[in-house]
1. Any idea how far the Cα center of region 60-100 sits from the one of region 33-51, in Å?
2. For region 44-60, in order, what is each residue's ³J(HN,Hα) by Karplus, 6.51 cos²θ - 1.76 cosθ + 1.60 with θ = phi - 60°, in whole Hz (x at glycine and Pro)?
3. If R₀ is 22 angstrom, what is the calculated FRET efficiency for the pair Ile67 and Leu100, using the beta carbon separation as r and rounding to 0.05?
4. Determine the relative contact order of the chain: mean sequence separation of Cα pairs under 8 Å and six or more apart, normalised by residue count, in whole percent.
5. Mind checking the dipole of the chain: about its Cα centre, +1 per Lys or Arg Cβ, -1 per Asp or Glu Cβ, Debye to the nearest 20?
6. Using only helices, what value at 222 nm comes out for the chain when you add -39,500 (n - 2.57) per DSSP H run of length 4 or more and divide by the total residues, to the nearest 500 deg cm²/dmol?
7. If you count only protein heavy atoms and use a 1.4 Å probe, how large is the accessible surface of Arg21, to the nearest 10 Å²?
8. On full extension of the chain, what length is gained from Asn20 through Asp46, given 0.36 nm per residue of separation minus the C-alpha to C-alpha distance?
Amino acid sequence: MMGADMNWGDLFFKFNGRVNRARFWIAALIFTAINVVLAILGCVTDQSVVFQALNGMLSIVLLISSIAVSVKRLHDRNKSGWYLLLFYFVPGILAAASVL
């Protein structure tokens, strides 16, 4: 169970435990704000190789972090974290099958 003593690193980078709805939405807002800032920076910069590399690395970190928060939210709902496969891979497989 997620107590008041849990820090931000545990929230964003650990896959075990639980997270309540309020902290889940706070994390979602933080992810959205970071993505908006990255999009604005991408529009106003010259899209250098360094910026693209940093943007790519940060995007990977955000993806892993969002998966960790989602797994904990599923744990709070007494579901397995493996249910995320249904949300990420099944739509991708269906989209790929519709193209063929």
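The values are calculated or read from the model by the stated rules, or taken from the named source; none is laboratory data. In this text, all values refer to a predicted model and were calculated from it rather than measured experimentally. Glycine also receives a Cβ, built like all others from the backbone with ideal geometry; neighbour counts cover every protein chain displayed. Ligands, DNA and RNA are stripped out before the accessible areas are found, and what is left, the full protein with its side chains, is counted by its heavy atoms. Shrake-Rupley method; radii C 1.70, N 1.55, O 1.52, S 1.80 Å.
1. Each part reduced to its Cα centre gives a spacing of 26 Å.
2. Karplus values, whole Hz, x for Gly and Pro: 8, 8, 8, 6, 5, 4, 5, 5, 5, 5, 5, 5, x, 5, 5, 5, 5.
3. On the way: r = 28 Å, r/R0 = 1.26.
FRET efficiency, Ile67 to Leu100: 0.20.
4. Values: 62 pairs, mean separation 39.0, N = 100.
Computed value for the chain: 39 percent relative contact order.
5. Values: 8 positive and 4 negative charges, 92 e Å.
With Lys and Arg at +1 and Asp and Glu at -1, about 440 debye.
6. Working: 4 runs with 74 residues, N = 100.
Value at 222 nm, helices only, nearest 500: -25000 deg cm²/dmol.
7. Accessible surface of Arg21 is approximately 150 Å².
8. Values: separation 26, 0.36 × 26 = 9.36 nm, distance 4.03 nm.
Separation in residues times 0.36 nm, less the Cα-Cα distance, equals 5.3 nm.
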